[in-house]
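Asker: The structure under discussion is supplied below as structure tokens; questions concerning it will follow.
The values are calculated or read from the model by the stated rules, or taken from the named source; none is laboratory data. Treat the numbers as computed from the prediction; the structure is a model and nothing was measured. Reconstructed Cβ throughout: ideal geometry from the backbone, glycine too, with neighbour counts over all protein chains shown.
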Amino acid sequence: MGMRLAQIQGWKSFQTAVLPAILKVVVLPTLIGIVTTLCGLSGEPRLAMVLMSGMPTAFAGLILAEEYNLNRDLIASSIVVSTGLMLLMIPLWVVLFGQ
């Protein structure tokens with residue numbers, strides 16, 4: 001991962017990774033939180049569902065991108081952006097859905 005990030009030239013890959021990361025880490029967990037609330041879940045079970053749905057992009061994606069000659073810069077950038085967003089979103093999720 002570190003070697004792949006060191007090879008990234010410029011911010012283009014990071015800019016491309018922002019929208020999918022926002023969808024994965026912000027929009028999807030919010031929708032899951034709303035749906036589980038409407039279904040009657042509350043407290044820890046609801047928070048667990050929200051946290052699981054918002055986990056950042058996995059390193060396995062980078063391994064697959066390397067193996068199948070896909071856009072390695074994009075997946076490495078996606079991992080970094082989604083991990084950073086997740087760290088910002090966890091306190092919000094706990095406040096909104098942990099009660």
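Asker: Answer yes or no as to whether Gln15 is modelled with pLDDT under 85 and exposed (fewer than 12 other Cβ atoms within 10 Å of the Cβ).
Answerer: In short, no.
Asker: Please state which one of Leu70, Leu19 is free of Cβ contacts under 8 Å to residues at least 12 places away in the same chain and in a loop (DSSP other than H, G, I, E, B).
Answerer: Matching residue, one of Leu70, Leu19: Leu70.
Asker: Taking region 23-55 only, how many residues are under 17 Å from the mean Cα position of the chain (by Cα) and either buried (at least 19 other Cβ atoms within 10 Å of the Cβ) or in a helix (DSSP H, G or I) (or both)?
Answerer: 19
Asker: Quick one: which of Val81, Val50 is closer than 19 Å to Trp11 by Cβ and in contact with a helix residue (DSSP H, G or I) (Cβ under 6 Å, 6 or more places away or on another chain)?
Answerer: Sole residue among the options that is closer than 19 Å to Trp11 by Cβ and in contact with a helix residue (DSSP H, G or I) (Cβ under 6 Å, 6 or more places away or on another chain): Val81.
Every residue, every condition in (1) of a type in the set (A, V, I, L, M, F, W, C); (2) free of Cβ contacts under 8 Å to residues at least 12 places away in the same chain; (3) farther than 14 Å from Val27 by Cα, yes or no:
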{"site": "Leu64", "(1), (2), (3)": "yes, yes, yes"}
{"site": "Leu74", "(1), (2), (3)": "yes, no, yes"}
{"site": "Ser77", "(1), (2), (3)": "no, no, yes"}
{"site": "Thr83", "(1), (2), (3)": "no, no, yes"}
{"site": "Met89", "(1), (2), (3)": "yes, no, no"}
{"site": "Leu92", "(1), (2), (3)": "yes, yes, no"}
{"site": "Val95", "(1), (2), (3)": "yes, yes, yes"}
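Asker: Just to be sure before I move on: is Met3 closer than 19 Å to Leu92 by Cα and out of contact with any helix residue (DSSP H, G or I) (no Cβ under 7 Å at 6 or more places or on another chain) in the structure I sent?
Answerer: When the stated conditions are applied, Met3 does not pass them.
Asker: Out of the residues in region 56-73 that are surrounded by fewer than 18 Cβ atoms within 10 Å (Cβ to Cβ) and hydrophobic (A, V, I, L, M, F, W, C), state the one that is nearest to the chain's Cα centre (by Cα).
Answerer: Ala58
Asker: While we're here: Where residues in region 84-99 are in contact with a helix residue (DSSP H, G or I) (Cβ under 8 Å, 6 or more places away or on another chain) and farther than 15 Å from Ile22 by Cα, which of them is surrounded by the most Cβ atoms within 10 Å (Cβ to Cβ)?
Answerer: Within region 84-99, the match that is surrounded by the most Cβ atoms within 10 Å (Cβ to Cβ) is Phe97.
Asker: Looking at region 74-83, which of the residues that are within 10 Å of the chain's Cα centre (by Cα) and of a type in the set (A, V, I, L, M, F, W, C) is nearest to Ala21 (Cα to Cα)?
Answerer: Applying the filter and picking the extreme gives Val81.
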